[in-house]
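The values are calculated or read from the model by the stated rules, or taken from the named source; none is laboratory data. Please read these numbers as outputs of a predicted model, since none were measured by experiment. Here the Cβ positions follow ideal geometry from the backbone for every residue, glycine too, while neighbour counts run over all protein chains shown.
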Amino acid sequence: MTDSKYFTTTKKGEIFELKAELNSDKKEKKKEAVKKVIASMTVGKDVSALFPDVVNCMQTDNLELKKLVYLYLMNYAKSQPDMAIMAVNTFVKDCEDPNPLIRALAVRTMGCIRVDKITEYLCEPLRKCLKDEDPYVRKTAAVCVAKLHDINAQLVEDQGFLDTLKDLISDSNPMVVANAVAALSEIAESHPSSNLLDLNPQSINKLLTALNECTEWGQIFILDCLANYTPKDDREAQSICERVTPRLSHANSAVVLSAVKVLMKFMEMLSKDLDYYGTLLKKLAPPLVTLLSAEPELQYVALRNINLIVQKRPEILKHEMKVFFVKYNDPIYVKLEKLDIMIRLASQANIAQVLAELKEYATEVDVDFVRKAVRAIGRCAIKVEQSAERCVSTLLDLIQTKVNYVVQEAIVVIKDIFRKYPNKYESVIATLCENLDSLDEPEARAAMIWIVGEYAERIDNADELLESFLEGFHDESTQVQLQLLTAIVKLFLKKPTETQELVQQVLSLATQDSDNPDLRDRGYIYWRLLSTDPVAAKEVVLAEKPLISEETDLIEPTLLDELICYIGTLASVYHKPPSAFVEGGRGVVHKSLPPRTTSSESTESPETAPAGAPPGEQLDVIPTQGDLLGDLLNLDLGPPVSGPPLATSSVQMGAVDLLGSGLDSLIGASNFVSPPAAAVPANLGAPMGSGLSDLFDLTSGVGTLSGSYVAPKAVWLPAMKAKGLEISGTFTRQVGSISMDLQLTNKALQVMTDFAIQFNRNSFGLAPAAPLQVHAPLSPNQTVEISLPLNTVGSVMKMEPLNNLQVAVKNNIDVFYFSTLYPLHILFVEDGKMDRQMFLATWKDIPNENEAQFQIRDCPLNAEAVSSRLQSSNIFTIAKRNVEGQDMLYQSLKLTNGIWVLAELRIQPGNPSFMDLELSLKCRAPEVSQHVYQAYETILKN
Amino acid sequence: MIHSLFLINSAGDIFLEKHWKSVVSRSVCDYFFEAQERATEAENVPPVISTPHHYLLSVYRHKIFFVAVIQTEVPPLFVIEFLHRVVDTFQDYFGVCSEPVIKDNVVVVYEVLEEMLDNGFPLATESNILKELIKPPTILRTVVNTITGSTNVGDQLPTGQLSVVPWRRTGVKYTNNEAYFDVIEEIDAIIDKSGSTVTAEIQGVIDACVKLTGMPDLTLSFMNPRLLDDVSFHPCVRFKRWESERILSFIPPDGNFRLLSYHVSAQNLVAIPVYVKHNISFRDSSSLGRFEITVGPKQTMGKSIEGVTVSSQMPRGVLSMNLTPSQGTHMFDPVTKMLSWDVGKINPQKLPGLKGTVSLQAGASKPDENPTINLQFKIQQLAISGLKVNRLDMYGEKYKPFKGIKYMTKAGKFQVRT
């Protein structure tokens, strides 16, 4: 006899029959009838018509019958609110029952009857149950408050149930505590501002005690609640961590992950030097690995979370690569996640193993997975530079398999590799071109076209290849069309002579025959660019592309930090903050990782250490990286200097009728594919197109020194490149002021006038302090010496190399650009002597990875001489020691922008008259170290 | 918290629904069906699906989808763990967990589900306690109930829920007091073409069947507890004691339970007990390929390997296989392209082999993928990690229990690449 018999009475009049049975006198028959009703209900049949008859059965001593009726009530009370009131009396009576099980059952069921009218009758019994002597009733009542809140929040607040609930957090029974926390958390979710769970060290202590004794589910609630607490200092954080760590060994994976969340969050507050920090890191790995041997669904959630953890603290799992290797019968969703994590963990140490695995995966059956594996190889190449070569050869092997989708996927990733490592692996282009015909997916076609366009100058038949794509232009997807348009324009700019026809063809296809607005717009833009200003076109189309890096697919750090606070929740599965997807965005408070705060006794806290340079200051050196070329061309050469503004050197084509005579201008345009400087007739033999590269020609800058010694002037701008104007110069620093000593020589046949000078933005904000004063016109073969005072208040942009200075000089003939390297010691200021104590503290405070070591060989000076020589260039010796016959000098210097550089100079006697010096530099902006070293060498050797 | 539960069979019929809060229309499952359609196999249905107003979390067990519906931010592992617990409970109650059995016991199922959650919060998930609240159906009880008119709902308070040992019911009585422990280890491994190990790890569990009167307090110690550095315990185990002495000390639940599970991942500790020699080759020109595999023992500590089965998913282009085994029976399913070979016991003197030809579809090109060989086996009386129980003691009760420890090693996901 099984319950399936309840399903068999599907004949007509079923409800009627049941009704009769429910009203039967026989208890047994009644119960059977209620069972039938419940069975119908479970499969979704509507038996609400029997409501009064079922409720009539409620007054019984039979516990099973009572429970069955309760089940029915919960389901249908909502649809029959008036009838449901009939049940109230029984509930109230049951809440007084001597049996706590009955009391609990009554209060539990009452809460499930989601009828407004009933709720007011509920309050009194609930209040009693919350204070019941039996913990089983109390814990059931706690949940009931949450239920009631869901139905009528106002009522719960008015009746003061929330306060009673808060009191229950201090209950003696751990299950009651856990349920109270759970109920409060759920209520808090709909009341973000209510501060229901305001935790203090006392309540935390209670929770931690309850944590050890309550059920697994209760542990989850408590841990999730703990995660919202912010400990006041690192000690408290550590003590909480210590008490939470045993949860990592729980059999319930949800408990483990919630514990991981608490630890990951509080770890943020611990100092990395702490022994405990290392211990904790070690303890985190095994439970995470264990999660991966659970059922696939659990694995999936765990993997999504591990993905976050690996990004935040890669050190935890860096040795566990192998557990992420894919088993061939893993579900696809697990496979894809594992793959993702494998790439995140890939490093130089394990890359060989990873690649071997990935190659294995690329021969699996599942197409989606194979594709992702091929992509993963590409990502490895981008992430681990040393492996790029190996990755490329693996990809080539895969291309040789000729499996269509593998080839296409490989080409897509090779495109990315080309972008990351330009001009390195172009040898493979030939192999790629062999597979041109087999590409049928838009992404792969687009990638291939991009490669052809980008390397048009190296592919002999680039025009033929692109032309072949052009034949079916209208059948291609937009992605391919756009790429093809750009590629052909690139090709044209690179090989203007042979490809005019092609470019005209593609432009007319894009602009006239296409319905796609994106394509049309891009076509017009190119067309107009090419016809009005081909130089600009070249700059735009062939501009240097920003490098891609592994970071492109990392989660943005602030989001990552937020997500770490949501480990184990849906947010962590979707990798989105809850505000982005939780229904209506209600009740979402942004969480953030706690800042690192140390307890006041700790002596090593950063606040007490004297800061050599405020952290903000070093940022001045590294403002946003701009486009060098763009900045220089934007130099405004007029105002600061006298003289008429210059006419733009490039020839204006004027507005051209694009659709009409556009083609003519296009043909003409090929003449103008040359930079502004070269476009002027009086070009003194500079090869076509070389003007731009001059900007980066750094041959002339030679380090010179200040103070006692000034380097001989070097030629910065040869006459050849500047239509007869030769400029040589050097930098000096005297009594606090920097100047640039220039020598201008006119080697042309005409008189030069109207000189002006301007600097591009540079790393230290060097700028002319006064206009360039050339009093008389400069006659042919005449030379004039000028000292141009400089200041450091100009705008700042980090240059490569750091001491690079790009200069524009103008005269009546043209504008000339050159760049030079200035010796860094012109920037060493006079008050660069640091206090001894300060020196020691700062030296300690600067992390060791910022220390740079250099050798200066064969210096002809002894310690005294070194010290005084350096002093004249504002490098100050703070202390001197003699260790084992070697002189040690401790020195400091300060740059004009306030950066301190600390130096330790060890002088060891080399051969009789020369010394070998060992220089250690520490600075908060380590990029200056190299240049400081060069300054040392220049000063000491001259 | 957990809002509703739907049970769906592989045909896509909802055969049971349970709501712990307001009723959620079953049309929400349409999103699940969509995902089910997209996934080629039932195993590949993603476990977390978002819909405009709800989230669906599902597990697939015994050819049934258990789909939980949640509305607010709830830890998904919590839900999935709970669903697993539901499956375990059904299995515990009815012996098997299948659609007909659930339908046969629908009222009990409903009552049990009602006890497991209250308003979506877990209430009683320990089967010990549930069984006290709702008696599992047995043939005897059904007969007794019909005669006496009594019910299968317990009418005492579930005392365990209030005590400090919520996992154990009080007043347990047995005439034969016995405690059995099974140490079961599964080896997960990937072996590459050349026979070297890519990864290998051991998932071990100690399952217990304890039938002891009263409130016994047990301690279990190991010869080599240092093997266990990555363990998950049943809540009954006293963690402090383990931390300090490496001894398992606990008051056991009544009946069957999993005392602990552990994980050994250090490669040097994982012995690989079998090897597979394989030679599978296809030629470009002909439509015939060669197939040969031999299975042999490797590191077995003198124990014999039993219950060996070999299975392999052949490439799609394979039409048929003409093979002869040296022992056991083999089968090739031409539809699913699955080759399976039931080897039985390995005799080290005469290694089992399977040899023959593979014919490909006419005109089909050489397959791109290499089949992976999946291995199942069992080794009795051996825990491959070397884990050994030292002794088991009982305190708190006077009688002398009967004690037993059994070891077994099995293949978990044991894969050999070719």
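Observations
- Residue list for segment A:95-104, restricted to those being surrounded by 15 or more Cβ atoms within 10 Å (Cβ to Cβ) and either among the basic types (Lys, Arg) or at pLDDT below 85 (or both): A:Pro100, A:Leu101, A:Ile102, A:Arg103
- Within segment A:845-861, being under 32 Å from the mean Cα position of the chain (by Cα) and either acidic (Asp, Glu) or part of a helix (DSSP H, G or I) (or both) holds for A:Asp845, A:Asn848, A:Glu849, A:Asn850, A:Glu851.
- Among the residues of segment A:225-254, those that are more than 20 Å from A:Thr279 (Cα to Cα), assigned to a helix (DSSP H, G or I) and out of contact with any Ser or Thr (no Cβ under 8 Å at 6 or more places or on another chain) comprise A:Leu226, A:Ser253, A:Ala254.
- In segment B:8-39, the qualifying residues are those that are touching a Phe, Trp or Tyr at 6+ places or on another chain (Cβ under 6 Å) and facing another protein chain (nearest Cβ under 8 Å), and the one that is modelled with the lowest pLDDT is B:Glu17.
- Conditions (1) under 22 Å from A:Val354 (Cα atoms); (2) touching a Ser or Thr at 6+ places or on another chain (Cβ under 7 Å): number failed by A:Asn404: (1)
Listed here are the residues, each with its yes/no results for (1) crowded, with 18+ Cβ neighbours inside 10 Å; (2) out of contact with any helix residue (DSSP H, G or I) (no Cβ under 9 Å at 6 or more places or on another chain).
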residue	(1), (2)
A:Asn862	no, yes
A:Ser867	yes, yes
A:Val901	yes, no
A:Ser929	yes, no
A:Val932	yes, no
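- Residues that are surrounded by 22 or more Cβ atoms within 10 Å (Cβ to Cβ) and assigned to a strand (DSSP E or B) within segment B:264-277 comprise B:Val264, B:Val274, listed in sequence order.
- When B:Arg141, B:Arg169 are checked against the criterion of being more than 10 Å from chain A (Cβ to nearest Cβ) and either within 23 Å of A:Asp132 (Cβ to Cβ) or at pLDDT 85 or above (or both), a single residue qualifies: B:Arg169.
- Within segment B:91-108, considering residues that are touching a helix residue (DSSP H, G or I) at 6+ places or on another chain (Cβ under 6 Å) and either surrounded by 20 or more Cβ atoms within 10 Å (Cβ to Cβ) or without any contact (Cβ under 8 Å) to a residue 40 or more places away in the chain (or both), the one farthest from the other protein chains (Cβ to nearest Cβ): B:Cys97
- Qualifying residue in segment B:265-278 (condition: more than 26 Å from B:Arg417 (Cβ to Cβ) and in contact (Cβ under 8 Å) with a residue 60 or more places away in the chain): no
- Check on A:Val735, at pLDDT below 85 and over 48 Å from the mean Cα position of the chain (by Cα): no
- Residue in segment B:246-254 that is farther than 30 Å from B:Ser340 by Cα, among the basic types (Lys, Arg), within 14 Å of another protein chain (Cβ to nearest Cβ) and under 26 Å from the mean Cα position of the chain (by Cα) present: no
- Condition met for A:Ser873 (in contact with a Ser or Thr (Cβ under 8 Å, 6 or more places away or on another chain), assigned to a loop (DSSP other than H, G, I, E, B) and of a type in the set (Ser, Thr, Tyr)): yes
- Comparison of A:Asp835, A:Asp858, A:Asp831 shows that the only residue that is touching a Phe, Trp or Tyr at 6+ places or on another chain (Cβ under 6 Å), exposed (fewer than 15 other Cβ atoms within 10 Å of the Cβ) and either outside the structural domain of A:Leu772 (by the TED database) or modelled with pLDDT of 85 or more (or both) is A:Asp858.
- Apart from one condition, B:Ile206 fits all of (1) among the aliphatic types (A, V, I, L, M); (2) surrounded by fewer than 21 Cβ atoms within 10 Å (Cβ to Cβ); (3) more than 10 Å from every other protein chain (Cβ to nearest Cβ); the exception is (2).
- You will find that of B:Ala200, B:Ala189, the residue that is crowded, with 21+ Cβ neighbours inside 10 Å, in contact (Cβ under 8 Å) with a residue 12 or more places away in the chain, in contact with a Phe, Trp or Tyr (Cβ under 7 Å, 6 or more places away or on another chain) and at the interface with chain A (Cβ under 10 Å from one of its Cβ atoms) is B:Ala189 and no other.
- Residues of segment A:38-90 satisfying the condition of being more than 10 Å from chain B (Cβ to nearest Cβ), buried (at least 18 other Cβ atoms within 10 Å of the Cβ), assigned to a helix (DSSP H, G or I) and among the hydrophobic types (A, V, I, L, M, F, W, C): A:Leu50, A:Phe51, A:Val54, A:Val55, A:Val69, A:Leu73, A:Ala77, A:Ala84, A:Ala87, A:Val88
For (1) farther than 20 Å from B:Phe282 by Cα; (2) of a type in the set (S, T, N, Q); (3) touching a residue at least 60 places away in the same chain (Cβ under 8 Å), each residue gets a yes or a no:
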residue	(1), (2), (3)
B:Val308	yes, no, yes
B:Asn322	no, yes, no
B:Trp341	yes, no, no
B:Pro352	yes, no, no
B:Gln380	yes, yes, yes
B:Asn390	yes, yes, yes
B:Gly412	yes, no, yes
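- When the helices (runs of 4 or more DSSP H) confined to segment A:474-571 are screened for residues that are under 16 Å from A:Ile449 (Cα atoms) and more than 14 Å from chain B (Cβ to nearest Cβ), those reaching at least 3 such residues are found at A:478-494, A:500-512.
- Which numbered condition B:Asp182 fails, given (1) more than 14 Å from chain A (Cβ to nearest Cβ); (2) more than 19 Å from B:Tyr395 (Cβ to Cβ); (3) at pLDDT below 85: (3)
- Only residues that are within 23 Å of A:Asn305 (Cα to Cα), more than 7 Å from chain A (Cβ to nearest Cβ) and of a type in the set (Val, Ile, Thr) were counted in segment B:40-55, giving 3.
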